[in-house]
1. Give me the distance in nm between label points sitting 7 Å out from Cα along the Cα-to-Cβ direction at residue 94 and residue 28, one decimal.
2. In whole angstrom, note down how far apart the Cα centers of segment 73-87 and segment 2-28 are.
3. Relative contact order for the chain: what is it in percent, counting Cα pairs under 8 Å that are at least 6 residues apart?
4. Taking all protein chains in place and a 1.4 Å probe, what share, in percent, of the accessible surface of segment 1-119 do carbon and sulfur account for?
5. In deg cm²/dmol, rounded to 500, what helix-only [θ] at 222 nm does the chain give when every DSSP H run of at least 4 residues adds -39500 (n - 2.57) and the total is split over its residues?
6. Angle check, please: helix 92-103 long axis (alpha carbons) against the longest principal axis of the chain (alpha carbons), in degrees 0 to 90, nearest 10.
7. Calculate, for the chain, the solvent-accessible area per residue in square angstrom, rolling a 1.4 angstrom probe over the heavy atoms of the protein chains.
8. Kindly give the semi-axes, whole Å and largest first, of the ellipsoid equivalent to the chain, taking each as the square root of 5 times a Cα gyration tensor eigenvalue.
Amino acid sequence: HRLLPVLDHLAGVTPAIWAAGGVLQGLAPLADLGGWLKLSGWYRLQAQPPYAALLPAIGALHGLFEGRCLWGSDWPHTLFMEPGMPGPVPSYASLLLPLRQALGPSAAQAVLDEAPARLLG
């Protein structure tokens, strides 16, 4: 078995990092090696619900990683357990919505069903 990197939380790409450019070039070597990307933790990326600022990055990074993207709800949302963290814990539906909006129904469903089976298969 070969060890492959799995980048968590959209590889840390915030709206500001995305706007600065160069993200695809920076992550391309990991994608070329067969790395995986976990689509999760939107609230950790300096974005506010409904996370529209992340939609372009989600779509482009999904394309870069060519079907090697995994969904994660980021449960148990440990960020919200830290002292002084305001706001309610996000709902599962609110975290899944950006995935569906950025990728469309069939690609989002492939992330949910096919990609994990391929990785763990």
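The values are calculated or read from the model by the stated rules, or taken from the named source; none is laboratory data. Just so we're clear, the structure is a prediction, and the values are computed from it rather than from any experiment. Positions of Cβ are generated from backbone atoms using ideal geometry, with glycine treated the same way; all protein chains shown enter the neighbour counts. SASA here: full protein model, heavy atoms, side chains in, ligands and nucleic acids out. Shrake-Rupley method; radii C 1.70, N 1.55, O 1.52, S 1.80 Å.
1. Label at residue 94, label at residue 28, 3.7 nm between them.
2. Segment 73-87 and segment 2-28 have Cα centres separated by 22 Å.
3. On the way: 144 pairs, mean separation 32.2, N = 121.
It comes to 27 percent, rounded to a whole number.
4. Numbers: 4020 of 6430 Å².
It is 63 percent, rounded to a whole number.
5. Values: 5 runs with 54 residues, N = 121.
Mean residue ellipticity at 222 nm (helix-derived): -13500 deg cm²/dmol.
6. Taking Cα atoms only, the helix is inclined about 40 degrees.
7. Values: 6670 Å² over 121 residues.
Value returned for the chain: 55 Å² of accessible area per residue.
8. Working: eigenvalues 102, 56, 42 Å².
Value: 23, 17, 15 Å, ordered largest first.
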